1. Among the residues of the range A:145-163, are any open to solvent by 10 Å² or more (accessible area, probe 1.4 Å), over 23 Å from B:Gln79 (Cα atoms) and at pLDDT 90 or above?
2. Go through A:Ser177, A:Ser168 for me and flag whichever is within 20 Å of the chain's Cα centre (by Cα) and open to solvent by 10 Å² or more (accessible area, probe 1.4 Å).
3. Determine whether the range A:124-132 contains at least one residue that is of a type in the set (Gly, Ala, Ser), within 21 Å of A:Ala173 (Cα to Cα), modelled with pLDDT of 90 or more and in contact with a Gly (Cβ under 9 Å, 6 or more places away or on another chain).
4. Would you mind finding the one in A:Asn228, A:Asn249, A:Asn152, A:Asn242 that is over 28 Å from B:Leu97 (Cα atoms), not assigned by TED's automatic domain parsing to the domain that holds A:Ala298 and not in a loop (DSSP other than H, G, I, E, B)?
5. Please go through the range B:68-101 and pick out each residue that is touching a strand residue (DSSP E or B) at 6+ places or on another chain (Cβ under 7 Å), hydrophobic (A, V, I, L, M, F, W, C) and part of a helix (DSSP H, G or I).
6. Of the residues A:Asn270, A:Asn228, A:Asn242, which is open to solvent by 10 Å² or more (accessible area, probe 1.4 Å) and touching a Phe, Trp or Tyr at 6+ places or on another chain (Cβ under 7 Å)?
7. What tally of residues in the range A:63-90 results from selecting those that are within 14 Å of another protein chain (Cβ to nearest Cβ) and in a helix (DSSP H, G or I)?
8. Of the numbered conditions (1) in contact with a helix residue (DSSP H, G or I) (Cβ under 9 Å, 6 or more places away or on another chain); (2) at pLDDT 80 or above; (3) among the basic types (Lys, Arg), B:Lys134 satisfies every one except a single condition; which is it?
Amino acid sequence: MEVDPDEPKTSPSTSRSPTQHIRDRNRQVAQQHREEQRAKTIDTVRFGLGEVQEEVEELDELSEQDINGLITRITRRKHASAEEMHKLSEAFLQSMDNIKLFFEAPGALQVIVKEIIGLDSGCQVGALECLCNLSLGEAPVCEKIIHQGGRNLVQCLDSPDERLKRTSLWIIANTISTSPKAAQTVVQMNIVPKLFYIYLDDSGEKNIANEFREDAAVCLQILVMGKNRAARQEDITFIKDNMIKKCRNSVAAEYHLKIIFHADIVNPRNEFNIEQTHHLMDFILGNLYTTPDFGSIANRLRIVYAIRVLSNMVQCVPTTTIDAMRQQLRGVWETHLEVLLNKVFDFGEDLLSLEVVYLIRNLIHDKSPQPLPCQLDRLEVPNIDYEKLLPQEWK
Amino acid sequence: MLSVAEIINLLNSIPVGYKSPEDNCFNAANQMYIPEYKKLGVITVANELQDNLPEADENDLFCDVPGCQIAFENSASYQAHFYNVHRYLCSVCRRCLPTAHLLCLHILECHDSYFIIRAKRGDAMYSCFLGECKVKLPTPKQRREHCINKHKFPANYRFEQLCGKPYKRHTKKPSKSVEANEIVDDMDVVADIPNMK
């Protein structure tokens, strides 16, 4: 007769010895821990609006009546269970109509927002995921989410629970990318320093299942981008003062130069101390030297923004930039600028090559300091139709 | 590959100078190489997994902080409870605060006699509830207004609880004499644990 190894061999719990009881308890906790860890790593998948039906066949399709029923139930009780929020969350992911239905229901959003501050971690996660899918809606929906739950979302960023922190970052990214008004509101809650500290957080290795630093970088880049950027001048100054704390080898470092470039930190009005200049130069030359190809998005960010920031630096702070560049090229990387630029030309990307030409133009002009850090005869500029690529106003 | 003369010709057709991040010359490369942010929702199977967990029994997790003893179904709930309720505990009155900054404010405002004297004298002593904001204001009321106007706290936010003060459901209209004693009243220590965060 076969014996099932999982079957307990002991008598019922009432007659178990204390040692056996502790062992059973330890096994139970270990099993629970494994379940939770598994849930943490595999259970979260992200989809755009309406994409979910194509990928997940077993998903329940909720009718308008079902959603109205859920809304009535949660608003009457002023409480939503994890299961109800999960259903709503799936409904929002399926269509914009479901989102509008919930948006127009008075008091429904408030119930979900209230669940974020509850003590039950399942409900907290459920509420945040519900808001995350709701934030796929249009600008008025996003503005309402930030108006009613923005403060709680910002507080969740301090949470030691990475899942809460990460889901909050997703909601913030969705809302600020949709509505400039929502972006301005979260900026007034002093979110930029908080995001930047999360982005700087150097603890632990990169974890694909739980990468909140990349999410923080995405939020930051949205806040600093555009002519009417949401970030205030004091936020930009904060980023400038603290940028040297970001290490080139740390997680999500590929966003660093993008944030600096779009925040317009390198401009003719700003001055940099030696430490800041060397920090930027380390990032720029390090990215150009160590990035092997132009395939992935991360590598593209590293290369494109290294070229753009360097191009502006040699114009705005020419002397210190060129001194720092010379020092690092000779002392750290043991190479020449021409070698790095030729490597970029070798990627065979026309528009990228044109941006390198912009950089060379800023390095070599009538007022440039002598001797130049770059010799034209060593450059392997590809022969492409630059006229065609130049913007209309320059032709 | 271009010759030196051709490179010089090409460079002459390009203007020198600083280029702002919004300059049109970056548009084509942005479109080609840098994908725009795409809004994404989230779907999870966590609830299913949690439903399959064994039923909680009397031996399951419970909070061992004296006076709490709440039982939990899983360690994640216990962890959330501990962080929310017991992490930042005032050693004087056993009150729990949600963040280190608010615990600092609580100790100053409730247990520091030097603070009370200076606040009574009218000095700007009340720090903003946000750790990142360095503004100090002379009265709790002004701080409340600052938080609402500057940091967009909701007007019905439970400000009293943020630094360990009781939440008053029905507040009487304060008379002048009551207002004068407001600061002293605020220093009352409350034993219950608020649901903050």
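1. yes
2. A:Ser177
3. Yes, the range A:124-132 contains a residue that is of a type in the set (Gly, Ala, Ser), within 21 Å of A:Ala173 (Cα to Cα), modelled with pLDDT of 90 or more and in contact with a Gly (Cβ under 9 Å, 6 or more places away or on another chain).
4. Checking each option against the conditions leaves just A:Asn242.
5. B:Val85, B:Ala100
6. Sole residue among the options that is open to solvent by 10 Å² or more (accessible area, probe 1.4 Å) and touching a Phe, Trp or Tyr at 6+ places or on another chain (Cβ under 7 Å): A:Asn242.
7. Qualifying residue count, the range A:63-90: 9.
8. (1)
The values are calculated or read from the model by the stated rules, or taken from the named source; none is laboratory data. Computed from a prediction, not measured in an experiment: that's the story for all the values here. Because the Cβ atoms are built from the backbone with ideal geometry, glycine has one as well, and the counts that use them run over all protein chains shown. Just the protein is used for accessible areas: all its heavy atoms, side chains included, with ligands, DNA and RNA removed. Shrake-Rupley method; radii C 1.70, N 1.55, O 1.52, S 1.80 Å.
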